[in-house]
Amino acid sequence: MLEVHDLTVRFGGITALDGVGFDVGRGEMVGLIGPNGAGKTTLFNCLTRRYDADSGTVTYEGRDLTAVPPHAIAELGIARTFQNLGLFPRLSVRDNVLVGAHHRGRAGFLSAGLRLPGVRREERALHADADAVLDRLGLTGVSGHLATGLPFGTLKRVELARALIGRPRLLLLDEPVNGLSASEVDEFAGTLGAIRSEYDLTVIVVEHHMGFVMGICERIVCLDFGRKIAEGPPGEVQRDPGVIEAYLGTA
Ligand code: ATP
């Protein structure tokens with residue numbers, strides 16, 4: 001589904017990604033790990049066309065992503081969440097979720113309050129989808145609340161709901177369990193495992209929580225200083241001396 005080849009991104013003197021390459025097959029759940037500053041979020045920013053790569057290629061479902069304008073990424077079925085929640089504090093939970101459907105034609109605009117004639121049916125379908133996603137993620141009871149003042153774990157689920165309403169095929173999760181309690185992490189892992197098949201998702205997860213990422217992913221890619229230093233099944237990557245050294249400073 002996704003082929004990343006020899007990707008390099010520089011910010012002035014910093015090489016954030018240095019010739020990174022890996023593939024992701026349809027239906028896989030891949031964990032992207034690495035110490036702070038390793039280049040994980042930069043990789044997501046390239047996949048979503050937030051940043052341009054200096055060199056290398058990204059092919060998604062056979063299409064060269066570097067030729068796709070940023071606004072068209074969601075239409076291709078790619079959605080992401082953000083490390084620091086990217087919610088709109090003055091919108092309700094429901095409206096925050098509907099923002100994730102902006103690319104679903106005129107119905108998306110209508111739901112966002114822009115009155116256009118003749119799209120009532122699509123708009124009803126969109127609201128039915130919003131109801132289903134809110135219900136699936138246990139957010140129905142707070143759908144009318146502003147997206148401030150709610151528990152952090154709830155806001156993380158709102159972000160996930162906003163990504164899901166866009167009907168993605170490839171879901172990019174940036175530190176989805178960062179800041180959650182141990183029981184919330186377990187709950188999130190259970191939910192993600194279930195929605196993955198319900199929504200027919202391929203998932204890449206950036207995460208520092210090793211128990212979570214190693215438990216839920218079939219394959220792990222580890223970056224360090226912008227380079228891929230290991231790739232393989234969780235057990236193998238966890239034992240890799242290079243990975244241990246990157247995290248602990250000693251093998
Ligand atoms: P963390 O786990 O701390 O979130 P990360 O692996 O996601 O780290 P990135 O955020 O991708 O790492 O950063 C990789 C490197 O690129 C870092 O040195 C960072 O300071 C730098 N960097 C990232 N974005 C920018 C930017 N917009 N401008 C300048 N430097 C940047």
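Data for the structure
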| item | result |
| --- | --- |
| As computed over the chain, the Cα convex hull volume per residue (Å³) | 134 Å³ |
| With DNA, RNA and ligands ignored, accessible area of residue 135 (1.4 Å probe; Å², nearest 10) | 110 Å² |
| The range 13-45-the range 203-251 distance, computed between alpha-carbon centres (Å) | 11 Å |
| Apportionment of accessible area to carbon and sulfur, the chain, percent (1.4 Å) | 51 percent |
| Accessible solvent surface per residue of the chain, calculated while the other protein chains remain in place, 1.4 angstrom probe, Å² | 46 Å² |
| Rel. contact order, % - alpha carbon contacts under 8 angstrom, at least six apart, the chain | 27 percent |
| Degrees, to the nearest 10: 182-198 long Cα axis against longest axis of the chain | 70 degrees |
| Cα gyration tensor shape of the range 138-214, rounded if a/c is under 1.5, else prolate or oblate by comparing a/b with b/c | oblate |
| Cα pair count fraction exceeding 16 Å, expressed as % - the range 1-91 | 57 percent |
| Phi to ³J(HN,Hα) by Karplus 6.51 cos²θ - 1.76 cosθ + 1.60 over the range 225-234, Hz, x for Gly, Pro | 6, x, 10, 7, 9, 7, 7, x, x, x |
| The range 122-251: relative contact order as a whole-number percent, Cα under 8 Å and 6+ apart | 16 percent |
| Rounded to 10°, Cα long-axis angle of helix 152-164 versus longest principal axis of the chain | 80 degrees |
| Phi-based couplings in Hz for the range 124-137 (Karplus 6.51, -1.76, 1.60; Gly and Pro marked x) | 4, 5, 5, 5, 5, 4, 4, 4, 5, 5, 4, 5, 4, 9 |
| Estimated [θ] at 222 nm from DSSP helical runs (n ≥ 4, -39500 (n - 2.57)) normalised by residues in the chain, nearest 500 | -10500 deg cm²/dmol |
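The values are calculated or read from the model by the stated rules, or taken from the named source; none is laboratory data. Quantities reported herein were computed from a predicted structural model and do not represent experimental measurements. Only protein heavy atoms, including side chains, enter the accessible area calculation; ligands, DNA and RNA are left aside. Shrake-Rupley method; radii C 1.70, N 1.55, O 1.52, S 1.80 Å.
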